[in-house]
1. Residues of the stretch 88-98 being touching a residue at least 40 places away in the same chain (Cβ under 8 Å), in a strand (DSSP E or B) and surrounded by fewer than 21 Cβ atoms within 10 Å (Cβ to Cβ), which ones?
2. Which members of the stretch 25-44 meet the condition of being polar (S, T, N, Q) and part of a strand (DSSP E or B)?
3. Could you check the stretch 117-129 and list, in sequence order, the residues that are surrounded by 14 or more Cβ atoms within 10 Å (Cβ to Cβ) and aromatic (Phe, Trp, Tyr)?
4. Being over 15 Å from residue 39 (Cα atoms) and in contact with an Asp or Glu (Cβ under 8 Å, 6 or more places away or on another chain) is the filter here, so list the residues in the stretch 65-83 that pass it.
5. Could you tell me which residue of the stretch 25-49 is surrounded by the most Cβ atoms within 10 Å (Cβ to Cβ), considering only residues that are over 16 Å from the mean Cα position of the chain (by Cα) and touching a residue at least 40 places away in the same chain (Cβ under 8 Å)?
6. Condition check: in contact (Cβ under 8 Å) with a residue 60 or more places away in the chain, of a type in the set (Lys, Arg) and closer than 25 Å to residue 122 by Cβ. Does residue 67 satisfy that?
7. Residues 73, 47: which one is at pLDDT 95 or above and in a loop (DSSP other than H, G, I, E, B)?
8. Might you check whether a residue that is surrounded by 14 or more Cβ atoms within 10 Å (Cβ to Cβ), over 22 Å from residue 31 (Cα atoms), out of contact with any Pro (no Cβ under 6 Å at 6 or more places or on another chain) and touching a residue at least 60 places away in the same chain (Cβ under 8 Å) occurs anywhere in the stretch 106-116?
Amino acid sequence: MLAAFCETPVRAVKGLDTCTARLLGPGFSNIVDRTFHPKSVVFGHFLGPDSDDAAVGGSSTEGHPERFGGTLLLSRRGGVWTPIWYRRALIIGSCEKVALPDRREILLCEYEDGGMGHAFHYLYSEDFVSFRLDTQRLGRGRFL
């Protein structure tokens, strides 16, 4: 699944699954050091009711402001998984798919964070079609 995105096979390095990302253009500029650590995957119809898509949660070099991770969006086109983009701070580790009336799917997610005596619990939706490609800040989804 990651062959078009990863230049090297995914392998364990110091206990983390790791691959070297290909240079794929501006939609992947968030992967600063070309290293990707895949952790989870959610399959769905995110780009259209008949699309076959995969959101791969993982990390590159993200720190706390970027929620220590991001998401790689892939779409199967002509039987081949094609990378669409990678976005830091888009965390999908605790998400459920929600079907829209047109049968396309979005993700309903939750995320917890905290520090310095504060705790935050976020509940938000991620719609990959209306996702603004220039947004990199926390909370770019619609909060419920």
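The values are calculated or read from the model by the stated rules, or taken from the named source; none is laboratory data. These figures come from a predicted structure and were not determined experimentally. Please note: Cβ atoms are built from the backbone with ideal geometry, for glycine as well, and neighbour counts cover all protein chains shown.
1. Residue satisfying the conditions is 97 alone.
2. Selection gives 35, 40.
3. Selection gives 122, 124, 128.
4. Once the filter is applied, which keeps residues that are over 15 Å from residue 39 (Cα atoms) and in contact with an Asp or Glu (Cβ under 8 Å, 6 or more places away or on another chain), the stretch 65-83 yields 75, 76.
5. Per the stated criteria, the residue is 48.
6. Spelling it out, residue 67 is indeed in contact (Cβ under 8 Å) with a residue 60 or more places away in the chain, of a type in the set (Lys, Arg) and closer than 25 Å to residue 122 by Cβ.
7. 47
8. Among the residues of the stretch 106-116, at least one is surrounded by 14 or more Cβ atoms within 10 Å (Cβ to Cβ), over 22 Å from residue 31 (Cα atoms), out of contact with any Pro (no Cβ under 6 Å at 6 or more places or on another chain) and touching a residue at least 60 places away in the same chain (Cβ under 8 Å), which makes the answer yes.
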